[in-house]
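The values are calculated or read from the model by the stated rules, or taken from the named source; none is laboratory data. What you are looking at is a predicted structure, and each value in this text was computed from that prediction instead of being measured. Because the Cβ atoms are built from the backbone with ideal geometry, glycine has one as well, and the counts that use them run over all protein chains shown.
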Ligand SMILES: Cc1cc2nc3c(=O)[nH]c(=O)nc-3n(C[C@H](O)[C@H](O)[C@H](O)COP(=O)(O)O)c2cc1C
C-alpha cells in the first residue's frame with residue numbers, strides 16, 4: 001500500500017491510501033469491480049432510506065458513451081480525465097418520493113455514497129477522482145435529466161499507474177504535496193469556533 005497521507009491517528013488502510021490522482025494506468029476496470037463499488041454506494045446510510053443517488057455511467061467498452069460523458073466535464077477536467085476507463089456523473093433526487101417534500105440532505109447522501117464507493121474502490125486496488133467541474137445544463141440536455149434531479153459530481157475510476165500521455169501540468173499536480181486543516185479549525189465544543197478539548 002502506498003501511504004501518501006501523513007495522518008495523525010491509526011486510520012483504516014483505505015483512508016490512508018486514498019487520494020485523488022491525475023495519473024492513472026491505461027488498464028481497463030473489470031465489470032465486477034464497477035458493480036462492486038456501485039454496490040458499496042448503494043449500501044450507504046441515507047435520510048429516510050430515500051437513496052437519492054443516481055449515476056450516469058460510461059466505460060471504455062462503449063467509446064461513444066464514454067466520449068459523451070467526458071464532454072460533460074469542464075475542459076480542464078477533460079484534459080486528464082480523457083485517459084480514464086470509467087467515468088460517472090452522480091445525480092441527487094431533490095425531493096422525497098414518499099411525500100414530495102424537499103430532501104435537505106440529498107446532496108449530503110450522494111456525497112456519503114461517493115465516500116463509501118471510494119473506500120470500496122481503494123480496497124479493490126482502484127483509485128477515484130471526483131470532480132465538481134461539470135457542465136450542468138449540458139448534462140441535463142444530453143441525458144434528459146428530469147427536473148427533480150440535480151447533477152452533483154463526476155467520478156473517475158481507474159487503476160494507479162503511469163501514463164506517458166498525461167499533460168505535463170497534471171503530471172506536476174499529481175505529485176503536489178497534500179494538506180489538511182488542523183483539528184482545532186473544524187472540531188468545536190460549546191460554541192462555533194471554540195476548539196474541543198478532546199482533539200488537543
Ligand atoms: C466533490 C469533489 C469535487 C472535486 N472537483 C474537482 C475538480 O473539478 N477537478 C479536480 O481536478 N479535482 C477535483 N476534486 C479533487 C479535490 O481537489 C481533492 O479531493 C482535494 O484537493 C483533496 O485531495 P485528495 O483527494 O488527494 O485528498 C474534487 C473532489 C471532490 C470530493
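Hey, among the residues in region 127-149 that are more than 14 Å from the ligand (Cβ to nearest atom) and assigned to a loop (DSSP other than H, G, I, E, B), which one's surrounded by the most Cβ atoms within 10 Å (Cβ to Cβ)?
Within region 127-149, the match that is surrounded by the most Cβ atoms within 10 Å (Cβ to Cβ) is 145.
Going by the structure shown, is residue 184 over 28 Å from residue 72 (Cβ atoms), in contact with a strand residue (DSSP E or B) (Cβ under 7 Å, 6 or more places away or on another chain) and either free of Cβ contacts under 8 Å to residues at least 60 places away in the same chain or in a loop (DSSP other than H, G, I, E, B) (or both)?
Details: over 28 Å from residue 72 (Cβ atoms): yes; in contact with a strand residue (DSSP E or B) (Cβ under 7 Å, 6 or more places away or on another chain): yes; either free of Cβ contacts under 8 Å to residues at least 60 places away in the same chain or in a loop (DSSP other than H, G, I, E, B) (or both): yes.
Yes; evaluated as a whole, the condition is true for this residue.
Which is free of Cβ contacts under 8 Å to residues at least 40 places away in the same chain, over 29 Å from residue 96 (Cβ atoms) and within 11 Å of the ligand (Cβ to nearest atom), of 175, 179?
On the way: 175 fails: within 11 Å of the ligand (Cβ to nearest atom).
Only one candidate qualifies: 179.
In this structure, does residue 152 turn out to be part of a strand (DSSP E or B), touching a helix residue (DSSP H, G or I) at 6+ places or on another chain (Cβ under 7 Å) and surrounded by 11 or more Cβ atoms within 10 Å (Cβ to Cβ)?
Details: part of a strand (DSSP E or B): yes; touching a helix residue (DSSP H, G or I) at 6+ places or on another chain (Cβ under 7 Å): yes; surrounded by 11 or more Cβ atoms within 10 Å (Cβ to Cβ): yes.
Yes; evaluated as a whole, the condition is true for this residue.
Can you tell me which residue within region 63-77, out of those that are in a loop (DSSP other than H, G, I, E, B) and touching a helix residue (DSSP H, G or I) at 6+ places or on another chain (Cβ under 9 Å), is nearest to the ligand (Cβ to nearest atom)?
Our first condition is that a residue be in a loop (DSSP other than H, G, I, E, B); within region 63-77, this holds for 71-72, 74.
From what's left, touching a helix residue (DSSP H, G or I) at 6+ places or on another chain (Cβ under 9 Å): 71-72.
Numbers: 71: 15, 72: 12 Å.
Among them, the one singled out is 72.
I'd like to verify a number: residues in region 155-172 that are assigned to a loop (DSSP other than H, G, I, E, B), within 19 Å of residue 126 (Cα to Cα) and within 13 Å of the ligand (Cβ to nearest atom), how many?
1
Please go through (1) more than 16 Å from the ligand (Cβ to nearest atom); (2) surrounded by 15 or more Cβ atoms within 10 Å (Cβ to Cβ) for residue 111 and return the number of the only condition it doesn't satisfy.
Against the list (1) more than 16 Å from the ligand (Cβ to nearest atom); (2) surrounded by 15 or more Cβ atoms within 10 Å (Cβ to Cβ), residue 111 comes up short only on (1).
So that you can scan it fast, the table gives a plain yes or no per residue for (1) without any contact (Cβ under 8 Å) to a residue 60 or more places away in the chain; (2) surrounded by fewer than 23 Cβ atoms within 10 Å (Cβ to Cβ); (3) outside any loop (DSSP other than H, G, I, E, B):
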site: 79; (1), (2), (3): no, yes, yes
site: 91; (1), (2), (3): no, no, yes
site: 98; (1), (2), (3): yes, yes, no
site: 104; (1), (2), (3): yes, yes, no
site: 116; (1), (2), (3): no, yes, yes
site: 122; (1), (2), (3): no, yes, yes
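Identify all residues within region 4-31 that are at pLDDT below 90 and within 13 Å of the ligand (Cβ to nearest atom); write none if there are none.
4, 5, 6, 7
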